[in-house]
Each structure stands twice: as structure tokens, then as C-alpha cells.
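K.L.:
Would you mind keeping the following structure in view while I ask a few things?
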Amino acid sequence: ETVESTESKAEGLSAEKLQSVIESAYDRYKDLDEGANADYIPILATVPSDLFGIVITTKEGEVFTVGDVDYQFSIQSVAKPFTAALVMQEHGPEKVQEDIGVEPTGLPFNSKLALEVHEERSVNPMVNAGAIAVVSMVPAENEDERWEKIMDNLEAFAGDDLTVLEEVYQSEYENCWSNRAIANLLFNYGRLYCEPEEALRVYTRECSVGVSALDLGMMGATLANGGTNPATQEEVLDADHVPELLALMAIAGFYDESGEWMYTAGIPAKTGVGGGIVAVVPGEMSIAAFSPRVNASGNSVKAMKAIRYIAGELGVGVF
Ligand code: DON
């Protein structure tokens, strides 16, 4: 509902157009009740299912909102590209390619099979296995330092302080047998670069960070703005590395629905099982949305439909 500026600098797209398109998307999908809250992390089932918010944040930091854009939910897998950015920044994109992999798996986010297909390259940083490996590659002397670097980096992307939702962390860590299996398998193949339980704890903690749709919007806008946060002007990721990161989001941001997403929406994006999605229009803006009901692939039904509709209406597909 808020228009913080009357002139958008996004090429050819007025502030009125950006506000009206998110409002139409909201009206179009607000009553949809397809999907269900994820419940394999028990506490996620308790989040009110009808919440729905949409944000556009331009690369200049102008913000357009509708709906529940302040509600704090767990970032879950939307943290993955941002921590991958940290590792790219520390080690360069080639190291991510060599030590993790950059091929889409075509499989669910928590696939163990993907690890077995080609030991050397069958995962990428957007799925659980690759994201756990990313955490293990953050240069750190100990677990506290590993965590602090990851949290500082997420906050730099958001341009704001963030907190861990401790109840989400506990709920997930007590039930993370599948991710424990993944961490151990990676370690077995020499594809995990710290002690498995440490990587698992730090990965689970990053998934439990609380964000609002507004935060996701600013995080995405930082990527749209070539790696510099539009609000703080901090250079969080070298502009040179942004294309590789967006490529990973394009090939694997929706797991086994990534092809369908790029085919129908045409912009790189990342989803999380908490119901958040952030999409990036390179050099223009981010489109972020949140709604807790997810489909079988773990992607928010309303957020996905809303962003796809907005991208189509604005004609901002990257191809
Ligand atoms: O590791 C997990 O299973 C969760 N912390 C994150 C998974 C996720 O967000 C998949 N998403 N759409």
C-alpha cells in the first residue's frame, strides 16, 4: 500500500505501474488456498497460512508493498544464494564450481540420490547438499566465527539487523535426520570441508533466520543493483560475481521445478519452504513475496503465482 516515491527510475516503469501490478497480483491470488504449510519442520505448520505479502524494491531502493510484508518468517532456503555469494566473494566462482558443482539436479531439494549420481559434480549451492557444502567452505577458525560471518553477510544483504528464530532452529535441528544423512554423505565423498555436525548446525541456523518480505526485497535488490545494497551503499558482492550467482538461481532456484519456473516466469529466483521467494530482475529490481502454503516441491504457491504474474505484466523476463 505504501508508495515511498512517485517516480520510479526502473526503465519505462512508473511508480504507479509497479504499485498497481503488485496490488492486482495480490487481489488475484489472495483467496487461493492450494498447498499447505510445510510440516516436516513441525513449527512451520503453526504459521498462519493465509498470510500473503508482495514487495517490489528497485535497484535505487524504492519500495512498493502490499499485504503482510512485515511479518517475520524463517528464511529457509532463500538464504542459500546469499551464503553462496559469501563463498564466491571469499574464494571466487571457480572454486564453487569445482568444490560443489553448478549443475541442476532436477531432483527435490533434499535429494540424497543427487549426491550419488556424479560424486564430483551432481549438486549445486541452491539445494540442501550444496548449501551445506557452502557453509563448510566459509573460511573460519571455529563454529562461532563461521556463524558470525554468515549472519553478518545476510544482514549486509538485508541492510538491517536480523535475528534467529530460536524456536524454528530447535524444531528443525531436532528433526534434521535427512540433512544429517546429506552432510555425512558429502563428507564421505570428500565434498564437505568442515566437520559434518558443525556444518549441519550452522546450515540449520541460517535457515532459521527471521526475515520479512521487506527484508527479502532489499536482499534481492542488492543483487539487482550489482551487489551493492541500495539502502546502505555497502558493496556486499563484487559486481563481477553477480551473473554467476543469478545463473545458479536460474538453473536451480526452484529445485525440480526450476525449468518450469524459468520457462514460465523468466527471471532468476530462490524459494524457501517457509513460504518466501525472492526474484531478481538484473539491473532493475527485486520482486519478493511471502505466503506459507507450499506445493509438493516446497515452493510457495501464492508467492510463485504472484511473482510470475508480475514478471509477465511488467515484461521483465531476462530472455
Ligand atoms: O534444510 C531444509 O530442509 C530447510 N531448512 C530448507 C529447505 C527449503 O527451504 C526448501 N525449500 N523450498
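Read the figures in this text as sums done on the coordinates, not as results from a lab. These figures come from a predicted structure and were not determined experimentally. Counting neighbours? That spans all protein chains shown, and the Cβs are built from the backbone with ideal geometry, glycine included.
K.L.:
How much net charge surrounds Ser178 when only the other residues with a Cβ under 12 Å from the Cβ of Ser178 are counted, with Lys and Arg +1 and Asp and Glu -1?
P.N.:
Overall, the nearby charge balance is +1.
K.L.:
Evaluate the charge dipole of the chain about its Cα centre and quote only its size in Debye, nearest 20, assuming +1 on the Cβ of each Lys and Arg and -1 on the Cβ of each Asp and Glu.
P.N.:
900 debye
K.L.:
In vacuo Debye scattering of the chain, one point per C-alpha: log10 I(q)/I(0) at q = 0.10, 0.11, 0.14 Å⁻¹?
P.N.:
-0.48, -0.59, -0.99
K.L.:
Per DSSP helix of 4 or more residues, -39500 (n - 2.57); summed, then divided by the residues of the chain. What does that give at 222 nm, rounded to the nearest 500?
P.N.:
The helix-only estimate for the chain comes to -13500 deg cm²/dmol at 222 nm.
K.L.:
About the Cα centre of the range 1-148, how large is the charge dipole given +1 on each Lys and Arg Cβ and -1 on each Asp and Glu Cβ? Please answer in debye to the nearest 20.
P.N.:
320 debye
K.L.:
Could you work out which residue, out of Val127, Val87, Val47, moves most in a Gaussian network model of the chain, that is, has the largest mean-square fluctuation with Cα springs under 10 Å?
P.N.:
Per the Cα network of the chain with a 10 Å cutoff, Val47 tops the list.
K.L.:
Quick one: how many lysine pairs does the chain have with C-alpha atoms less than 15 Å apart and a gap of 8 or more or different chains? Give me the count, please.
P.N.:
8
K.L.:
Let me ask you something else. For the charge dipole of the range 79-207, defined by +1 on Lys and Arg C-beta atoms and -1 on Asp and Glu C-beta atoms about the Cα centroid, which residue among Cys207, Tyr169, Ala183 has the Cα displaced farthest towards the positive pole?
P.N.:
Ala183
K.L.:
Now for a separate question. Take the Cα radius of gyration of the range 79-207 and divide it by 2.2 N^0.38 Å, with N its residue count; two decimals is plenty.
P.N.:
This ratio for the range 79-207 stands at 0.98.
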